[in-house]
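Worksheet for the structure shown next.
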Amino acid sequence: MQKMDPTYEYGEAVDADSPPSLSARTLRRLLYLAFAALAVLLLVLLPPLISVNRYQKRIANSISDSLGRPVHLDKVSLNVLPLPGFILENLSWTRNRTVVMQLSLNMPRTLSDGSTSFNQVALNALNIWNQYLVHLRFSAKTNSPVPPMGNDEEMSVFFSDTVFGDTFGSGTLAITILNSRGPGLLEESDTIFNTSYTWDSYRGAVRRGIECA
């Protein structure tokens, strides 16, 4: 009986002292796995390094067109895993709202245009603005019971000889103070008309000159 040499397999000689070699098929599989691992690694590491903020305005405009109202966002970043897309940070849009104006323009007298008070004049002006505003509307409380004061989250309009105790600047007719809560969020506005000047309301061409009381 012929004895088979264990160093021979399928008719090919194998050196018993050399390490086993990988087949071409196994090498291809390992190469594919290496490429796949590299691709996943790139998908994880590269997006934070890619700046897409240059598309921020374009994305905001596209969302604004879809919603039909102004849109604001602070930052845009790219996300690939688990699903590809953009991450929009601090996305906000204009909501429909009504702003209540506290009118305390209490100087009752007949004005040049026939109005009987400055509250009436201010109310007429707000109604004109409402014809052109889309997502905001003014309403008003005439002879407002709310005392005008700063940092009260009220929109006050009134006459005074000071700006909440501070003097008006030289030649200043009126001043509007804006208070905001965070970026882009208006919380309060107060408009103060300087009583050092004589005020009136009229229609027609602009009249020159300012009369100081």
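Annotations for the structure displayed:
- FRET efficiency, Asn127 to Lys75 (Cβ-Cβ, R0 30 Å, nearest 0.05): 0.15
- Environment charge of Ile177, counting only residues whose C-beta is closer than 11 Å and scoring Lys/Arg +1, Asp/Glu -1: -3
- Based on the reciprocal of the average 1/r between different C-alpha atoms, the Kirkwood radius for region 95-196 equals 14.7 Å.
- If you take all other residues with their beta carbon under 10 Å from the beta carbon of Glu153, and give Lys and Arg +1 and Asp and Glu -1, the sum is -3.
- Phi angles of region 99-116 translate, via the Karplus equation with coefficients 6.51, -1.76, 1.60 and θ = phi - 60°, into HN-Hα couplings of 9, 8, 9, 8, 8, 10, 8, 8, 10, x, 6, 7, 9, 4, 8, x, 5, 9 Hz per residue; Gly and Pro are given as x.
- Close amide H contacts of Val99 (hydrogens built in the peptide plane, cut-off under 5 Å, sequence separation of 5 or more or a different chain): Arg137, Phe138, Ser139.
- In sequence order, calculated HN-Hα J values of region 31-36 (Karplus, 6.51, -1.76, 1.60; Hz; x Gly/Pro): 5, 4, 5, 5, 5, 5
- Beta-bridge orientation, region 124-213: approximately 65 percent antiparallel, per DSSP, counting only bridges with both partners inside.
- Value of relative contact order over region 84-208, rounded to a whole percent, pairs C-alpha under 8 Å and six or more apart: 26
A short reminder: the numbers here are calculations on the coordinates, not readings from a lab. Since the model is a prediction, treat every value here as computed from it, not as a measurement. Positions of Cβ are generated from backbone atoms using ideal geometry, with glycine treated the same way; all protein chains shown enter the neighbour counts.
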